[in-house]
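Q: The structure under discussion is supplied below as structure tokens; questions concerning it will follow.
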Amino acid sequence: MVEPGRHRGRGGVLILLVLVVVAAAAGYALLGRNFHAPGPATTAMRLKVSPGESTRAVLMRLAGLGALAHPRQVELYLRLHHRNPRIEIGTYEVPAHASPGDIVLMFEQGRVMLDQITVVEGARFADFRHELDAQAEVAHTLRGKSDAEVMSALGHAGEDPEGRFFPDTYRFAPGTSDLTLLSMAYERMAALLAKVWAERRADLPFDTPYQALILASIVEKETGVADERARIAGVFVNRLNRGMRLQSDPTVIYGLGSQYDGTIHTRDLTADTPYNSYTRAGLPPTPISLPGLESLLAAVQPEHTDELYFVATGQGGHHFSKTLTEHDAELHVYLARLREQQQAAARRQAAGGP
């Protein structure tokens, strides 16, 4: 026979257990609701995670910024669900009213904000390296190394670097190495050059993709007008076919290097260097710039034309000629227009204008 007091005691314990279970279930449900509920931040904010920061430290910082209301609850929720997000270093953008779940998912997916580096078409390899060195978020492993050492590190020892890197905007996570970015640009150029070479005109006066790259680099420096590139390439192809020298000013400038003072002098046109296409026939020994896709296409698919000359108009673009007589006449027009522009600039400067 069970004593009444003992029966009442067991019933009390059972009720207490039920209440504990109910409370735990309610608390668990509350954690879940809060984890997926919109957060308190009224505007988007950026959070930079430093190396070695723990999940708890990051959550507490988010709370201090007003993006989380209950960081300890978030930590408990993650522990109960066996989630331990590895937070990559870098900068994250937390949207306005992002829930704790949204923020944690962003960490788990490593959605750091990407930095970027832009290399413009027609830049030189030295310009690319300068841009890389100036990037604070890049892991610098090549600073102070020679171009030859850089090419060796890339696995292309003995190659001249000029022209071999595709000019573009490259987005990267903080901490990406300069070697990785250069490798991306090298592989991109190699792939595009192989693609356009496979689509080349059959009667080109050169035999290798590298020679096409050299011509493309000259075309890139000769004009910024997209519609002219294939036409200019056609002029150079005609000159190569006839054994005429290219007589391209950008090749002379490249050969001068640091001696170029912004003006091509008569002495520059007559001083022989491997890149002086006024004194030497054929293509120069290497590219003179980093050409873009349009210039690559122009070099392998030049326009069919009878023209052998072109000269800047001074008003954007070039005038193309079939004969030296016509070319000389247009050259005189260009020089006269250039003198007028220089005189007008001098008058404005004397008058105190811009």
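Q: Hey, residue 60 hits all of (1) at pLDDT 90 or above; (2) exposed (fewer than 14 other Cβ atoms within 10 Å of the Cβ) but one; which does it fall short on?
A: Of (1) at pLDDT 90 or above; (2) exposed (fewer than 14 other Cβ atoms within 10 Å of the Cβ), only one is false for residue 60: (2).
Q: Give the range 226-262 a look and list any residue that's within 29 Å of the chain's Cα centre (by Cα) and either of a type in the set (Val, Ile, Thr) or not assigned by TED's automatic domain parsing to the domain that holds residue 291 (or both), or say none.
A: Once the filter is applied, which keeps residues that are within 29 Å of the chain's Cα centre (by Cα) and either of a type in the set (Val, Ile, Thr) or not assigned by TED's automatic domain parsing to the domain that holds residue 291 (or both), the range 226-262 yields 232, 251, 252, 253.
Q: Quick one: how many residues across the range 70-106 are surrounded by 15 or more Cβ atoms within 10 Å (Cβ to Cβ) and out of contact with any Ser or Thr (no Cβ under 8 Å at 6 or more places or on another chain)?
A: Qualifying residue count for the region: 20.
Q: Here's a follow-up. Considering each residue of the range 179-197, count those that are without any contact (Cβ under 8 Å) to a residue 12 or more places away in the chain and β-branched (Val, Ile, Thr), and give that number.
A: Matching residues across the range 179-197 total 1.
Q: Separate question: With surrounded by fewer than 16 Cβ atoms within 10 Å (Cβ to Cβ) and basic (Lys, Arg) as the only criterion, which of 242, 231, 280 stands out?
A: Numbers: 231 fails: surrounded by fewer than 16 Cβ atoms within 10 Å (Cβ to Cβ); 280 fails: surrounded by fewer than 16 Cβ atoms within 10 Å (Cβ to Cβ).
Step by step, each of 242, 231, 280 is checked, and only 242 is surrounded by fewer than 16 Cβ atoms within 10 Å (Cβ to Cβ) and basic (Lys, Arg).
Q: Check 318, 265 and return the single one that is modelled with pLDDT under 95 and either surrounded by 15 or more Cβ atoms within 10 Å (Cβ to Cβ) or outside the structural domain of residue 226 (by TED's automatic domain parsing) (or both). Break it down into steps so the answer makes sense when it comes.
A: On the way: 265 fails: either surrounded by 15 or more Cβ atoms within 10 Å (Cβ to Cβ) or outside the structural domain of residue 226 (by TED's automatic domain parsing) (or both).
Being modelled with pLDDT under 95 and either surrounded by 15 or more Cβ atoms within 10 Å (Cβ to Cβ) or outside the structural domain of residue 226 (by TED's automatic domain parsing) (or both) holds for just one of 318, 265, which is 318.
Q: Looking at the range 180-217, which of its residues are part of a loop (DSSP other than H, G, I, E, B) and either within 18 Å of the chain's Cα centre (by Cα) or of a type in the set (Phe, Trp, Tyr) (or both)?
A: Listed by number, the list holds a single entry, 206.
Q: Those residues that are assigned to a loop (DSSP other than H, G, I, E, B) and under 23 Å from residue 242 (Cβ atoms), I need them from the range 253-272; list them, please.
A: 272
Q: Would you confirm whether or not the range 167-178 contains a residue that is touching a strand residue (DSSP E or B) at 6+ places or on another chain (Cβ under 9 Å), among the small types (Gly, Ala, Ser) and either without any contact (Cβ under 8 Å) to a residue 24 or more places away in the chain or on the phi < 0 side of the Ramachandran plot (or both)?
A: Yes: one or more hits.
Q: Can you name every residue in the range 109-130 that is within 14 Å of the chain's Cα centre (by Cα), surrounded by 14 or more Cβ atoms within 10 Å (Cβ to Cβ) and farther than 18 Å from residue 189 by Cα?
A: Scanning the range 109-130 gives 114, 115.
Q: Here's a follow-up. Would you mind telling me which numbered condition in (1) part of a helix (DSSP H, G or I); (2) hydroxyl-bearing (Ser, Thr, Tyr); (3) crowded, with 16+ Cβ neighbours inside 10 Å residue 305 fails?
A: Every listed condition holds for residue 305 apart from (1).
Q: For residue 144, all conditions in the list (1) small (Gly, Ala, Ser); (2) outside any helix (DSSP H, G or I); (3) at pLDDT 95 or above hold save one; what is the number of the exception?
A: (3)
Q: Kindly indicate the residue of the range 131-146 that is aliphatic (A, V, I, L, M) and farther than 14 Å from residue 182 by Cβ and also surrounded by the most Cβ atoms within 10 Å (Cβ to Cβ) among those meeting that condition. Spell out the reasoning first.
A: Taking the range 131-146 first, the residues aliphatic (A, V, I, L, M) are 132, 134, 136, 138-139, 142.
From what is left, the residues that are farther than 14 Å from residue 182 by Cβ are 134, 136.
Working: 134: 9, 136: 7.
Out of the qualifying residues, it is 134.
Q: A follow-up question, please. Yes or no: the range 116-124 includes at least one residue that is farther than 28 Å from residue 169 by Cβ and basic (Lys, Arg).
A: no
The values are calculated or read from the model by the stated rules, or taken from the named source; none is laboratory data. Model, not experiment: these values are computed from the prediction. For neighbour counting, all protein chains shown are included, and Cβ atoms are generated from backbone atoms with ideal geometry for every residue, glycine included.
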